[in-house]
Structures are given as structure tokens and as C-alpha cells.
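Taking it in order: structure first as C-alpha cells, then the write-up.
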Amino acid sequence: MAAALTVGYAGAVPLVILAGFFTFFFRDPNRHSTANPDVAVLAPADGRVLVAGPADAAAAPPGDWRQVSIFLSPMDVHVNRTPVSGRVLRVTFKRGRFLPAYHRDAAMANEHSEIWIEHNGQTIVFRQLVGILARRVVCRVQAGAQLTSGERVGLKKFGSRMDVFLPTSAQLRVSVGDRVIGGVTVIATL
């Protein structure tokens, strides 16, 4: 009503639509997984699997890894969750470009946060990457934090991608093109 009084009803309609979009975009549903947290690796975000297999050495942290990358469209929930429980070893932030998140070079060229977790003696790394629309990742964890599987760790503003790097012994449970739900879908087992 206040918007209608200020800009008139015709001017209020776009404001109401915009408010509805933001409410939809930044929704944060409660999620719970029944998977065994000792072995299950959960999807850190809603979206579509872009990569599932051996990691691209040029884009991965040093070492040998298996990789699952998830592309988030503007229609997906953008709250990010930790794929495993454990202690945060380090969190880094790298400024960079804003290539489309599905682009092969986005993994290293784009701005991103990288979180390293020690889980039952194994290291898991995951990244929050920005894209052409998304200009900001919000990471709410710090080194030393103890996380539980599926716990909220941050969000991405307006799309992008999550990369998860797992030990080579991990058994992937998703394939390219699969839709996943953050904090619920098991993407791999350790």
C-alpha cells in the first residue's frame, strides 16, 4: 500500500513483482538427510550436475581428485550447505572474473571461495563460484569451525556453481545432467 501511495498503482506493480522475485530467490527451506553422515557426501546446492568424474587438473586443488560440479540456475535455492561433516581446515577467497559458471575456465578464472574440510581423516574441498549474473558469494564459515553434514555455510547471489573435490577412492552417485537437492541428495560415498 505504501508503494502505491508513493508511486501510484502502476508504479507499484513492478515493485511488488521485484519483491516477490527476491523472496523466491533467497528462499531457505529446511532440509534433512537420512544418509549416513560418516560415508555420504551430500550435494552442497540445488542444481544440475555439470561434471562427475576425474577432476580437471587445471581447475582442481593440487593432487588427485574426483570432482562433482553443480550449476545453479536462477530458479534454484541458492543457500549452500557443507557436503560432509568435519573440521574446517581453511577458507580462502580469490577475486577473479565473471565468466558464465558453466564455462570450463570458470573454475579457476572466476571469483570464488574455497573451503577445505577434514572428514574422518580425509580432505574434502568445495568451492562457491560466481558467474555472469552472480557477483558475490557469501561464505559464513571460518577455519577451525566444526560443521555437520548439510549445515548451511553461505549463499550465492544470483546463480552460479559449486565444485566439490573428493578423494579418488570416493564412489560417485550422480552423473552429468542429474538434478540434485542441496543437503539431501547423496552425490558420493566415501
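The values are calculated or read from the model by the stated rules, or taken from the named source; none is laboratory data. In this text the structure is predicted, and so the values were computed from the model without any measurement. When we count neighbours, we look across all protein chains shown, and the Cβ atoms used for this are built from the backbone with ideal geometry, even at glycine. Just the protein is used for accessible areas: all its heavy atoms, side chains included, with ligands, DNA and RNA removed. Shrake-Rupley method; radii C 1.70, N 1.55, O 1.52, S 1.80 Å.
Numbers for the structure displayed
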| quantity | calculated |
| --- | --- |
| Rh (Kirkwood; distinct C-alpha pairs) - segment 134-190, Å | 13.5 Å |
| Cα point-scatterer Debye curve for segment 81-190, base-10 log of I(q)/I(0) at q = 0.23 Å⁻¹ | -1.39 |
| Estimated FRET transfer efficiency (Tyr9, Asn30; beta-carbon r; R0 35 Å; 0.05) | 0.45 |
| Surface per residue (accessible, 1.4 Å probe) for segment 47-189, Å² | 43 Å² |
| Neighbourhood charge, 13 Å Cβ-Cβ cut-off, centred on Met108 and excluding it, Lys, Arg +1 and Asp, Glu -1 | +1 |
| Whole-percent carbon and sulfur share, accessible surface of segment 95-190, 1.4 Å | 49 percent |
| Proximal charge balance of Trp65 [Cβ under 14 Å; K/R count +1, D/E count -1] | -2 |
| Residue-level accessible surface for Ser113, protein heavy atoms, 1.4 Å, Å² | 10 Å² |
